[in-house]
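For reference, the structure is listed below as C-alpha coordinates.
The values are calculated or read from the model by the stated rules, or taken from the named source; none is laboratory data. Here the structure is a predicted model, which means the values were calculated and not measured. Cβ atoms come from the backbone with ideal geometry, glycine included; neighbour counts cover every protein chain shown.
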Amino acid sequence: MQYKDLPINNKFCPLPWIGTMISPNGLCMSCCVQKQSTNPTNFIENNTIADIRNNEFNTKLRMDMISGIQNTSCEQCWHTEANGADSLRQIRISEYQDVIDNLDIQLDGSLLPSDDILHWDVRQTNLCNMKCVTCGPGLSSLWNGELRRNKMSNSIGTRDIIDASDNSLEDILQTVKKSIPRVSSFYFAGGEPLISDMHWDILYELILQERTDVKLSYNTNLLKMNYKGHNAIETWSHFEQVYVGVSIDCIGPRAEYVRKGTKWNTVESNFKTLYNELPNQIGLHITTSVMTIAALQETLEWAAQWQQPSNKIKIYANNLVYDPAKMSINILPNDMKNKYWQTIKTPLRQLDDANAYSLFEEELFSTIPQDQLDHLRSEFKIIINALDQVRKTNIKTYCPELAEWFDGIEIIC
(Lines give C-alpha, C1' and ligand atoms only; values in the text may rest on other atoms or scores of the structure.)
Protein backbone atom coordinates (compact mmCIF):
# COMPACT_ATOMS: atom_id res chain seq x y z
CA MET A 1 0.00 0.00 0.00
CA GLN A 2 1.15 3.55 -0.73
CA TYR A 3 0.73 6.54 1.56
CA LYS A 4 -1.89 8.05 -0.77
CA ASP A 5 -3.99 4.89 -0.36
CA LEU A 6 -4.17 4.98 3.45
CA PRO A 7 -7.59 5.46 5.08
CA ILE A 8 -8.51 9.13 5.29
CA ASN A 9 -8.59 8.98 9.10
CA ASN A 10 -5.01 7.63 9.34
CA LYS A 11 -2.60 8.91 12.00
CA PHE A 12 0.48 8.25 9.91
CA CYS A 13 3.89 9.46 10.99
CA PRO A 14 6.97 8.60 8.92
CA LEU A 15 9.35 8.10 11.84
CA PRO A 16 8.23 4.58 12.91
CA TRP A 17 9.02 3.54 9.32
CA ILE A 18 12.20 5.52 8.59
CA GLY A 19 13.51 6.86 11.93
CA THR A 20 15.39 5.65 14.98
CA MET A 21 16.42 7.41 18.18
CA ILE A 22 18.88 5.94 20.68
CA SER A 23 18.93 7.28 24.25
CA PRO A 24 21.85 7.10 26.69
CA ASN A 25 20.13 4.32 28.66
CA GLY A 26 19.89 2.17 25.53
CA LEU A 27 16.23 2.80 24.78
CA CYS A 28 15.54 2.70 21.04
CA MET A 29 12.42 4.57 19.93
CA SER A 30 11.06 6.27 16.82
CA CYS A 31 11.55 9.86 17.98
CA CYS A 32 12.44 12.11 20.90
CA VAL A 33 8.87 13.02 21.91
CA GLN A 34 7.56 9.46 21.96
CA LYS A 35 6.57 8.37 25.45
CA GLN A 36 9.41 6.43 27.02
CA SER A 37 8.79 2.69 27.13
CA THR A 38 9.89 0.28 29.84
CA ASN A 39 9.35 -2.65 27.49
CA PRO A 40 12.64 -4.63 27.58
CA THR A 41 12.32 -5.44 23.88
CA ASN A 42 12.92 -1.75 23.10
CA PHE A 43 16.39 -1.68 24.66
CA ILE A 44 19.55 -2.38 22.66
CA GLU A 45 21.19 -4.24 25.54
CA ASN A 46 19.52 -7.50 24.50
CA ASN A 47 18.14 -6.68 21.04
CA THR A 48 19.52 -5.45 17.75
CA ILE A 49 18.20 -2.19 16.34
CA ALA A 50 16.64 -4.10 13.44
CA ASP A 51 14.82 -6.41 15.84
CA ILE A 52 13.52 -3.48 17.89
CA ARG A 53 12.19 -1.67 14.83
CA ASN A 54 10.17 -4.73 13.87
CA ASN A 55 9.13 -5.92 17.34
CA GLU A 56 5.56 -6.27 18.61
CA PHE A 57 5.52 -2.81 20.20
CA ASN A 58 6.57 -0.97 17.04
CA THR A 59 4.51 -3.17 14.72
CA LYS A 60 1.37 -2.30 16.71
CA LEU A 61 2.35 1.37 16.66
CA ARG A 62 2.47 1.35 12.86
CA MET A 63 -0.78 -0.62 12.61
CA ASP A 64 -2.51 1.92 14.87
CA MET A 65 -1.26 4.78 12.73
CA ILE A 66 -2.52 3.10 9.56
CA SER A 67 -5.92 2.49 11.18
CA GLY A 68 -6.36 5.99 12.60
CA ILE A 69 -5.82 4.96 16.23
CA GLN A 70 -4.00 7.41 18.49
CA ASN A 71 -1.36 5.17 20.03
CA THR A 72 -0.75 6.30 23.61
CA SER A 73 3.04 6.39 23.18
CA CYS A 74 2.54 9.35 20.82
CA GLU A 75 0.30 11.35 23.15
CA GLN A 76 2.46 14.47 22.97
CA CYS A 77 1.72 14.84 19.26
CA TRP A 78 -1.98 14.15 19.78
CA HIS A 79 -2.07 16.74 22.55
CA THR A 80 -0.28 19.32 20.40
CA GLU A 81 -2.61 18.76 17.47
CA ALA A 82 -5.71 18.92 19.68
CA ASN A 83 -4.62 22.42 20.67
CA GLY A 84 -4.33 23.56 17.09
CA ALA A 85 -0.52 23.53 16.93
CA ASP A 86 1.79 21.71 14.53
CA SER A 87 3.07 18.46 16.03
CA LEU A 88 6.40 16.80 15.29
CA ARG A 89 4.41 14.17 13.38
CA GLN A 90 2.99 16.78 11.03
CA ILE A 91 6.34 18.52 10.63
CA ARG A 92 8.04 15.26 9.67
CA ILE A 93 5.31 14.41 7.16
CA SER A 94 5.99 17.70 5.40
CA GLU A 95 9.76 17.27 5.65
CA TYR A 96 9.83 13.72 4.26
CA GLN A 97 6.96 13.93 1.77
CA ASP A 98 9.06 12.62 -1.13
CA VAL A 99 10.22 9.64 0.92
CA ILE A 100 6.71 8.94 2.19
CA ASP A 101 5.25 8.88 -1.30
CA ASN A 102 7.56 5.99 -2.20
CA LEU A 103 7.13 3.91 0.97
CA ASP A 104 5.78 0.39 0.60
CA ILE A 105 3.47 0.28 3.64
CA GLN A 106 2.55 -3.14 4.97
CA LEU A 107 -0.98 -3.43 6.37
CA ASP A 108 0.22 -5.66 9.20
CA GLY A 109 2.57 -2.92 10.41
CA SER A 110 5.73 -4.87 9.66
CA LEU A 111 8.85 -3.49 8.02
CA LEU A 112 10.44 -4.93 4.92
CA PRO A 113 14.15 -5.85 4.86
CA SER A 114 14.60 -2.94 2.43
CA ASP A 115 13.17 -0.41 4.93
CA ASP A 116 16.40 1.33 5.88
CA ILE A 117 16.86 3.91 8.62
CA LEU A 118 16.77 7.22 6.78
CA HIS A 119 16.65 9.51 9.82
CA TRP A 120 18.91 8.99 12.85
CA ASP A 121 18.37 10.79 16.14
CA VAL A 122 21.72 10.27 17.88
CA ARG A 123 21.79 10.96 21.63
CA GLN A 124 23.37 7.75 22.83
CA THR A 125 25.42 9.34 25.62
CA ASN A 126 24.64 11.59 28.58
CA LEU A 127 28.11 13.17 28.34
CA CYS A 128 27.50 16.85 28.97
CA ASN A 129 29.32 20.00 30.08
CA MET A 130 26.26 21.43 31.83
CA LYS A 131 23.91 20.32 34.59
CA CYS A 132 20.74 22.31 33.97
CA VAL A 133 18.35 22.55 36.91
CA THR A 134 15.48 21.24 34.77
CA CYS A 135 17.52 18.28 33.49
CA GLY A 136 18.68 15.17 35.34
CA PRO A 137 21.30 12.40 35.52
CA GLY A 138 19.95 10.46 32.55
CA LEU A 139 20.88 13.27 30.14
CA SER A 140 23.80 14.88 31.94
CA SER A 141 26.99 13.21 33.17
CA LEU A 142 27.68 16.24 35.39
CA TRP A 143 24.27 15.81 37.02
CA ASN A 144 24.89 12.09 37.52
CA GLY A 145 28.32 12.62 39.06
CA GLU A 146 27.07 15.38 41.34
CA LEU A 147 24.21 13.26 42.65
CA ARG A 148 26.45 10.30 43.40
CA ARG A 149 29.24 12.32 45.01
CA ASN A 150 26.78 14.04 47.31
CA LYS A 151 24.78 10.86 47.99
CA MET A 152 21.59 12.46 46.73
CA SER A 153 18.63 10.40 45.54
CA ASN A 154 17.60 9.65 41.96
CA SER A 155 21.04 8.69 40.66
CA ILE A 156 20.38 6.23 37.86
CA GLY A 157 23.85 5.06 36.92
CA THR A 158 26.86 3.39 38.45
CA ARG A 159 29.06 5.70 36.37
CA ASP A 160 28.96 9.43 35.69
CA ILE A 161 28.88 8.89 31.92
CA ILE A 162 26.13 6.62 30.64
CA ASP A 163 26.72 5.49 27.07
CA ALA A 164 24.33 3.14 25.32
CA SER A 165 27.12 1.82 23.11
CA ASP A 166 28.86 0.35 26.18
CA ASN A 167 26.02 -2.12 26.70
CA SER A 168 24.71 -2.59 23.18
CA LEU A 169 24.25 -6.01 21.66
CA GLU A 170 25.67 -4.56 18.44
CA ASP A 171 28.15 -1.84 17.54
CA ILE A 172 25.93 1.24 17.18
CA LEU A 173 28.50 3.19 15.18
CA GLN A 174 28.96 0.36 12.69
CA THR A 175 25.18 0.07 12.30
CA VAL A 176 24.98 3.79 11.60
CA LYS A 177 27.84 3.60 9.10
CA LYS A 178 26.10 0.79 7.18
CA SER A 179 23.01 2.99 6.78
CA ILE A 180 24.91 5.96 5.36
CA PRO A 181 24.54 5.12 1.64
CA ARG A 182 20.76 5.72 1.88
CA VAL A 183 20.40 7.96 4.94
CA SER A 184 18.68 11.35 4.57
CA SER A 185 19.33 13.14 7.83
CA PHE A 186 20.96 13.11 11.25
CA TYR A 187 19.75 14.89 14.36
CA PHE A 188 22.31 15.22 17.13
CA ALA A 189 21.37 15.97 20.74
CA GLY A 190 22.59 14.75 24.08
CA GLY A 191 24.04 15.19 26.55
CA GLU A 192 25.98 17.67 24.49
CA PRO A 193 26.60 16.44 20.93
CA LEU A 194 29.65 18.61 20.22
CA ILE A 195 31.64 16.73 22.87
CA SER A 196 30.48 13.29 21.74
CA ASP A 197 33.10 11.15 19.99
CA MET A 198 30.42 9.23 18.10
CA HIS A 199 29.05 12.46 16.66
CA TRP A 200 32.44 13.36 15.19
CA ASP A 201 33.01 9.81 13.92
CA ILE A 202 29.69 9.98 12.04
CA LEU A 203 30.54 13.32 10.43
CA TYR A 204 33.89 12.08 9.18
CA GLU A 205 32.31 8.87 7.88
CA LEU A 206 29.75 10.93 5.98
CA ILE A 207 32.57 12.92 4.39
CA LEU A 208 34.49 9.71 3.63
CA GLN A 209 31.45 8.14 1.94
CA GLU A 210 30.82 11.40 0.05
CA ARG A 211 27.41 11.91 1.66
CA THR A 212 27.83 15.59 2.39
CA ASP A 213 24.34 16.08 0.95
CA VAL A 214 22.88 14.59 4.14
CA LYS A 215 21.02 17.10 6.31
CA LEU A 216 22.56 17.72 9.75
CA SER A 217 20.50 19.19 12.60
CA TYR A 218 21.55 19.92 16.16
CA ASN A 219 20.41 20.78 19.62
CA THR A 220 23.50 22.18 21.33
CA ASN A 221 24.31 24.39 24.30
CA LEU A 222 27.13 25.92 22.19
CA LEU A 223 29.53 26.10 25.12
CA LYS A 224 32.29 24.36 23.16
CA MET A 225 32.78 24.48 19.38
CA ASN A 226 36.28 23.00 19.45
CA TYR A 227 36.76 19.49 20.84
CA LYS A 228 39.81 17.19 20.65
CA GLY A 229 41.09 19.00 17.59
CA HIS A 230 37.69 19.02 15.88
CA ASN A 231 36.31 22.40 14.83
CA ALA A 232 32.56 22.47 14.36
CA ILE A 233 32.32 25.31 11.84
CA GLU A 234 35.19 24.00 9.70
CA THR A 235 33.67 20.50 9.63
CA TRP A 236 30.17 21.77 8.89
CA SER A 237 31.56 23.69 5.90
CA HIS A 238 31.78 20.33 4.04
CA PHE A 239 28.00 19.82 4.23
CA GLU A 240 25.26 21.29 2.08
CA GLN A 241 22.55 21.43 4.77
CA VAL A 242 23.33 22.26 8.39
CA TYR A 243 20.91 23.60 10.97
CA VAL A 244 22.20 24.46 14.44
CA GLY A 245 19.52 24.80 17.10
CA VAL A 246 21.03 26.53 20.13
CA SER A 247 19.49 25.98 23.55
CA ILE A 248 19.42 29.31 25.38
CA ASP A 249 16.64 29.61 27.95
CA CYS A 250 17.71 32.95 29.43
CA ILE A 251 20.75 35.21 29.38
CA GLY A 252 23.44 36.50 31.73
CA PRO A 253 23.77 35.38 35.37
CA ARG A 254 20.33 33.72 35.34
CA ALA A 255 21.53 31.47 32.49
CA GLU A 256 24.58 30.49 34.56
CA TYR A 257 22.27 29.48 37.41
CA VAL A 258 19.50 27.68 35.50
CA ARG A 259 21.87 25.99 33.04
CA LYS A 260 24.68 25.35 35.50
CA GLY A 261 28.02 25.12 33.72
CA THR A 262 27.13 27.96 31.37
CA LYS A 263 29.78 30.61 30.85
CA TRP A 264 27.53 33.27 29.41
CA ASN A 265 30.23 35.37 27.76
CA THR A 266 31.55 32.24 26.00
CA VAL A 267 28.11 31.13 24.81
CA GLU A 268 27.26 34.62 23.55
CA SER A 269 30.61 34.90 21.76
CA ASN A 270 30.15 31.48 20.13
CA PHE A 271 26.64 32.46 19.06
CA LYS A 272 28.00 35.58 17.38
CA THR A 273 30.66 33.53 15.58
CA LEU A 274 28.07 31.01 14.44
CA TYR A 275 25.77 33.79 13.26
CA ASN A 276 28.51 35.29 11.10
CA GLU A 277 29.89 32.00 9.75
CA LEU A 278 26.62 30.13 9.10
CA PRO A 279 24.11 32.78 8.05
CA ASN A 280 20.46 31.72 8.05
CA GLN A 281 21.34 28.30 9.47
CA ILE A 282 20.80 29.01 13.16
CA GLY A 283 17.85 28.69 15.47
CA LEU A 284 17.35 29.85 19.04
CA HIS A 285 15.44 27.21 21.03
CA ILE A 286 14.07 28.56 24.30
CA THR A 287 12.81 26.22 27.00
CA THR A 288 10.70 28.00 29.60
CA SER A 289 10.40 26.92 33.21
CA VAL A 290 9.23 28.45 36.46
CA MET A 291 12.71 29.98 36.80
CA THR A 292 12.90 31.61 33.36
CA ILE A 293 9.43 32.86 32.46
CA ALA A 294 10.04 36.20 34.19
CA ALA A 295 13.08 36.73 31.93
CA LEU A 296 11.52 35.53 28.67
CA GLN A 297 10.85 39.04 27.38
CA GLU A 298 14.49 39.95 28.10
CA THR A 299 15.67 36.85 26.24
CA LEU A 300 13.53 37.68 23.20
CA GLU A 301 14.86 41.24 23.23
CA TRP A 302 18.41 39.85 23.26
CA ALA A 303 17.50 37.62 20.31
CA ALA A 304 16.19 40.60 18.32
CA GLN A 305 19.74 41.79 17.63
CA TRP A 306 20.28 38.67 15.50
CA GLN A 307 17.34 39.48 13.23
CA GLN A 308 19.05 41.47 10.48
CA PRO A 309 17.13 41.48 7.17
CA SER A 310 19.82 39.48 5.35
CA ASN A 311 20.50 37.05 8.18
CA LYS A 312 17.61 36.12 10.43
CA ILE A 313 17.76 33.41 13.04
CA LYS A 314 14.76 31.21 13.71
CA ILE A 315 13.32 31.72 17.19
CA TYR A 316 11.34 28.93 18.84
CA ALA A 317 9.69 29.46 22.21
CA ASN A 318 7.25 26.55 22.10
CA ASN A 319 9.22 24.25 24.40
CA LEU A 320 7.75 24.41 27.89
CA VAL A 321 8.92 22.27 30.79
CA TYR A 322 6.23 19.68 31.47
CA ASP A 323 8.51 17.00 32.89
CA PRO A 324 9.51 17.33 35.64
CA ALA A 325 6.13 18.88 36.45
CA LYS A 326 7.58 20.59 39.51
CA MET A 327 9.50 22.91 37.15
CA SER A 328 6.44 23.89 35.10
CA ILE A 329 5.27 27.50 34.89
CA ASN A 330 1.87 26.22 36.03
CA ILE A 331 3.01 25.87 39.65
CA LEU A 332 3.20 29.65 40.00
CA PRO A 333 0.44 31.55 41.83
CA ASN A 334 -2.21 33.18 39.66
CA ASP A 335 -1.12 36.77 40.27
CA MET A 336 2.39 35.99 39.03
CA LYS A 337 1.05 34.07 36.04
CA ASN A 338 -1.13 37.02 35.02
CA LYS A 339 1.75 39.45 35.46
CA TYR A 340 4.11 37.46 33.25
CA TRP A 341 1.42 36.78 30.68
CA GLN A 342 0.87 40.50 30.18
CA THR A 343 4.58 41.00 29.42
CA ILE A 344 5.08 38.03 27.08
CA LYS A 345 1.86 37.57 25.11
CA THR A 346 2.61 40.32 22.59
CA PRO A 347 6.23 39.21 21.92
CA LEU A 348 5.00 35.61 21.57
CA ARG A 349 2.44 36.64 18.96
CA GLN A 350 5.16 38.39 16.97
CA LEU A 351 7.24 35.22 16.61
CA ASP A 352 7.14 33.13 13.45
CA ASP A 353 6.67 30.23 15.88
CA ALA A 354 2.87 30.14 15.73
CA ASN A 355 2.54 27.45 18.40
CA ALA A 356 4.18 29.33 21.25
CA TYR A 357 1.31 31.68 22.16
CA SER A 358 -1.34 28.98 22.49
CA LEU A 359 0.95 26.59 24.37
CA PHE A 360 1.89 29.23 26.94
CA GLU A 361 -1.71 30.28 27.43
CA GLU A 362 -2.83 26.70 27.94
CA GLU A 363 -0.05 25.80 30.38
CA LEU A 364 -0.31 28.99 32.41
CA PHE A 365 -4.04 28.82 32.91
CA SER A 366 -4.87 25.12 33.02
CA THR A 367 -6.15 24.00 36.41
CA ILE A 368 -4.20 21.76 38.77
CA PRO A 369 -5.99 20.30 41.85
CA GLN A 370 -4.81 22.15 44.96
CA ASP A 371 -3.38 19.11 46.71
CA GLN A 372 -1.36 18.20 43.62
CA LEU A 373 -0.23 21.81 43.25
CA ASP A 374 0.94 21.91 46.88
CA HIS A 375 2.98 18.73 46.38
CA LEU A 376 4.59 20.02 43.17
CA ARG A 377 5.57 23.28 44.84
CA SER A 378 6.98 21.36 47.79
CA GLU A 379 9.00 19.13 45.45
CA PHE A 380 10.29 22.22 43.65
CA LYS A 381 11.48 23.80 46.89
CA ILE A 382 13.11 20.58 48.09
CA ILE A 383 15.15 20.03 44.91
CA ILE A 384 16.14 23.70 44.64
CA ASN A 385 17.27 23.79 48.27
CA ALA A 386 19.29 20.62 47.74
CA LEU A 387 20.95 21.88 44.55
CA ASP A 388 21.63 25.32 46.03
CA GLN A 389 23.35 23.71 48.99
CA VAL A 390 25.53 21.49 46.81
CA ARG A 391 26.28 24.13 44.18
CA LYS A 392 26.77 27.00 46.64
CA THR A 393 24.10 29.07 44.90
CA ASN A 394 20.85 30.75 45.92
CA ILE A 395 17.76 30.87 43.72
CA LYS A 396 16.72 34.19 45.25
CA THR A 397 19.91 35.83 43.94
CA TYR A 398 19.36 34.77 40.35
CA CYS A 399 15.54 34.67 40.27
CA PRO A 400 14.67 37.49 42.70
CA GLU A 401 11.07 37.68 41.53
CA LEU A 402 10.51 34.22 43.08
CA ALA A 403 11.98 35.06 46.50
CA GLU A 404 8.81 35.89 48.48
CA TRP A 405 6.77 33.09 46.90
CA PHE A 406 9.59 30.58 47.34
CA ASP A 407 9.99 31.41 51.03
CA GLY A 408 6.27 30.88 51.55
CA ILE A 409 6.15 27.37 50.05
CA GLU A 410 5.34 24.76 52.69
CA ILE A 411 7.41 21.59 52.60
CA ILE A 412 5.20 18.51 52.58
CA CYS A 413 6.90 15.48 54.06
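Can you find even one residue in region 110-125 that is at pLDDT 95 or above, of a type in the set (Asp, Glu) and either surrounded by fewer than 19 Cβ atoms within 10 Å (Cβ to Cβ) or at negative phi (or both)? So far as region 110-125 goes, yes, one or more of its residues are at pLDDT 95 or above, of a type in the set (Asp, Glu) and either surrounded by fewer than 19 Cβ atoms within 10 Å (Cβ to Cβ) or at negative phi (or both). If you go through region 161-183 and keep only what is within 10 Å of Trp120 (Cβ to Cβ), assigned to a loop (DSSP other than H, G, I, E, B) and in contact (Cβ under 8 Å) with a residue 40 or more places away in the chain, you end up with just Val183. Just one residue in the set Leu351, Leu373 is surrounded by fewer than 20 Cβ atoms within 10 Å (Cβ to Cβ) and under 25 Å from Leu88 (Cβ atoms); that residue is Leu351. Look at Ala189 and say whether it is under 23 Å from the mean Cα position of the chain (by Cα) and over 18 Å from Met225 (Cβ atoms). Judged against the criteria, Ala189 is not a match. Name every residue in region 94-104 that is surrounded by fewer than 21 Cβ atoms within 10 Å (Cβ to Cβ) and either modelled with pLDDT of 95 or more or assigned to a loop (DSSP other than H, G, I, E, B) (or both), in order of residue number. Matches in region 94-104: Asn102, Leu103, Asp104.
Considering (1) in contact (Cβ under 8 Å) with a residue 40 or more places away in the chain; (2) closer than 18 Å to Glu298 by Cβ, the lone condition that Arg391 does not fulfil carries the number (2). Considering region 307-336 alone, what residues qualify as being surrounded by fewer than 17 Cβ atoms within 10 Å (Cβ to Cβ), in contact with a helix residue (DSSP H, G or I) (Cβ under 8 Å, 6 or more places away or on another chain) and farther than 26 Å from Gln76 by Cβ? Passing the criteria: Asn311, Pro333.
Within region 112-140, track down each residue that is outside any loop (DSSP other than H, G, I, E, B) and more than 13 Å from the chain's Cα centre (by Cα). Listed by number, the residues that qualify are His119, Trp120, Thr125.
Residues that are β-branched (Val, Ile, Thr) and touching a strand residue (DSSP E or B) at 6+ places or on another chain (Cβ under 6 Å): does region 54-61 have at least one? No, region 54-61 contains no residue that is β-branched (Val, Ile, Thr) and touching a strand residue (DSSP E or B) at 6+ places or on another chain (Cβ under 6 Å). Residues of region 211-232 include at least one that is in a strand (DSSP E or B), among the aromatic types (Phe, Trp, Tyr) and under 17 Å from the mean Cα position of the chain (by Cα). Residues that are of a type in the set (Gly, Ala, Ser) and out of contact with any Cys (no Cβ under 7 Å at 6 or more places or on another chain) were ranked within region 17-61; the one that is nearest to Leu111 (Cα to Cα) is Ala50. Identification of helices (runs of 4 or more DSSP H) wholly contained in region 14-79 with 1 or more residues that are touching a residue at least 40 places away in the same chain (Cβ under 8 Å), under 24 Å from Asn318 (Cβ atoms) and under 17 Å from the mean Cα position of the chain (by Cα) yields 15-18.
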